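Beneath this line is the structure, given in structure tokens, with notes to follow.
The values are calculated or read from the model by the stated rules, or taken from the named source; none is laboratory data. Everything numeric here is computed off the predicted structure, so don't read it as measured data. Backbone-built Cβ (ideal geometry, glycine too); neighbour counts: all protein chains shown. The accessibility values were calculated without ligands, DNA or RNA, using every heavy atom of the protein model including side chains. Shrake-Rupley method; radii C 1.70, N 1.55, O 1.52, S 1.80 Å.
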Amino acid sequence: MKAMVMESVGLDNLRLKELPDPKPGPGEVLVRLKAASINYRDVLALQGGYGSRQKSSNLIPLSDGAGEVVEVGPGARRFKPGDRVVNTFFPNWLAGPPDPRFLMRDLGGLEDGVACELRVFSEDAVLPIPPSMSFVQASTLPCAAVTAWSAVRSHAQIGPEHTVLTQGSGGVAIFALQFAHAAGARVIAISSAAEKLERLRSLGAQDGINYREDPEWGKTAQKLTGNVGVDLVVETAGAETLKQSIRATRLGGMITLIGMVSGSKAELNLPILSMSSLRLHGIAVGSRQHLQEVLAACATHRIEPVIDRVVPLAQLPEAIRHVQSGAQFGKVCIEID
Ligand SMILES: NC(=O)c1ccc[n+]([C@@H]2O[C@H](COP(=O)([O-])OP(=O)(O)OC[C@H]3O[C@@H](n4cnc5c(N)ncnc54)[C@H](OP(=O)(O)O)[C@@H]3O)[C@@H](O)[C@H]2O)c1
């Protein structure tokens, strides 16, 4: 089979290689991957910046894939050849709260991912794709959509009475906007560009703020809510935004700490945090149950993943550079044939 392999740390060390076809063992399924999607974490992994336990040589990158079952191993009963499936982000985390044992395994970082033609999964680590969803669409869900769902629905339990602030137009932020809008909430989106804000409005954001033109956007968001503040900030930018996020959030509101595209070290004004009774809630993607809920919500609310572009596997290095640039709107996907 063909696989994209990071021979050693660095984007320039990605090579399309021929590797032996894997075979499914007991309780496993062999999947012919048709599509994969890129997350910001893949940019980090290719720079060797995904923690000390990351696989730093001969890594097959990317965590999120979709494809067709081609063979089932002994004792595997949940799937048959021909079934269309999408993989989960943490293969061992099926449901319930996070546990260190579940977080010790993830694809495209700590172990090989899905930028390849064939991959073996435990039958518990894949879910069926509904007929209405393409392989490319399904491949956008395991990391970005599950993380957004964990934040907006599972932890913050957002409903029609709430206001949510999302940051930028990347994978997690757009899914968060779509899930909050589908729940009936009001969404305020911030972004770097007027055209992107226009598109975020067309997806359901009621208000948009350009954070480059309005560095005090936290105050603006507060004004937009009648000086009350938003109920939830889906924090994906990190160092540059946290101060304004705190400013934007209402007394007793929540900030879900997800990402750090603008940096990972932020100063916190502790008296402001405590006096405003804020809840800072860290998110680590989510479980298979969350992915199941995402698949159901997409079908019920007719939510279509927003896809920036689809490129062939051989163009993975350019696609990663595109994500690194921050120019994308939604998910950058890979077609595997
Ligand atoms: N904790 C978890 O479980 C988890 C899961 C998934 C992702 N993450 C993290 O979440 C972050 C986002 O991931 P992603 O895959 O959605 O990223 P992505 O698709 O690469 O999106 C990044 C977007 O962030 C926006 N942005 C950049 N600088 C910003 C700033 N200063 N203020 C506001 N927005 C800014 C840009 O949109 P505009 O041009 O529109 O501003 C950019 O397109 C990453 O740090 C990733 O590692 C964490």
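Rounded to whole numbers, the Karplus 3J(HN,Hα) couplings from phi for region 33-47 are 6, 10, 8, 9, 10, 9, 10, 4, 4, 5, 4, 5, 4, 6, 9 Hz, using 6.51 cos²θ - 1.76 cosθ + 1.60 with θ = phi - 60°, and x at Gly and Pro. Most fluctuating residue of MET133, MET275, MET254 in a GNM of the chain with Cα springs under 10 Å: which is it? Highest fluctuation among the options: MET275. GNM remark for the chain: springs join alpha carbons under 10 Å apart, and the peak mean-square fluctuation among VAL285, VAL294, VAL228 falls on VAL228.
If both residues of a DSSP beta bridge must be in the chain, then about 55% of such bridges are antiparallel. Here is the list for region 161-249: trypsin sites (Lys or Arg not before Pro) lying in DSSP coil, each with at most 15 other C-beta atoms within 10 angstrom of its C-beta, are ARG212.
Given a 1.4 Å probe and every protein chain left where it sits, what share in percent of the accessible area of the chain is carbon and sulfur? Working shown, then result.
Numbers: 7410 of 14440 Å².
Here carbon and sulfur together make up 51 percent of the probe-accessible area.
The eigenvalues of the Cα gyration tensor, multiplied by 5 and square-rooted, give the chain an equivalent ellipsoid with semi-axes of 34, 21, 18 Å from largest to smallest. Relative to one another, the C-alpha centroids of region 43-110 and region 249-315 are positioned 20 Å apart. Debye-formula intensities of region 145-282, expressed as log10 I(q)/I(0) at q = 0.09, 0.11, 0.22 Å⁻¹, are -0.21, -0.32, -1.48 (one equal scatterer per alpha-carbon, no solvent).
In the chain, the calculated helix contribution to ellipticity at 222 nm averages -6500 deg cm²/dmol per residue, counting -39,500 (n - 2.57) for every DSSP H run with n ≥ 4. Shown in residue order for region 152-159 are the 3J(HN,Hα) couplings computed by the Karplus curve 6.51 cos²θ - 1.76 cosθ + 1.60 at θ = phi - 60°: 6, 9, 6, 8, 7, 6, 6, x Hz (x for Gly and Pro).
Using a probe of 1.4 angstrom and keeping all protein chains present, the accessible surface of the chain works out to 43 square angstrom per residue. Along region 188-198 the Karplus relation, 6.51 cos²θ - 1.76 cosθ + 1.60 evaluated at θ = phi - 60°, assigns HN-Hα couplings of 10, 10, 10, 7, 7, 9, 4, 5, 5, 4, 4 Hz to successive residues, with x for each Gly and Pro.
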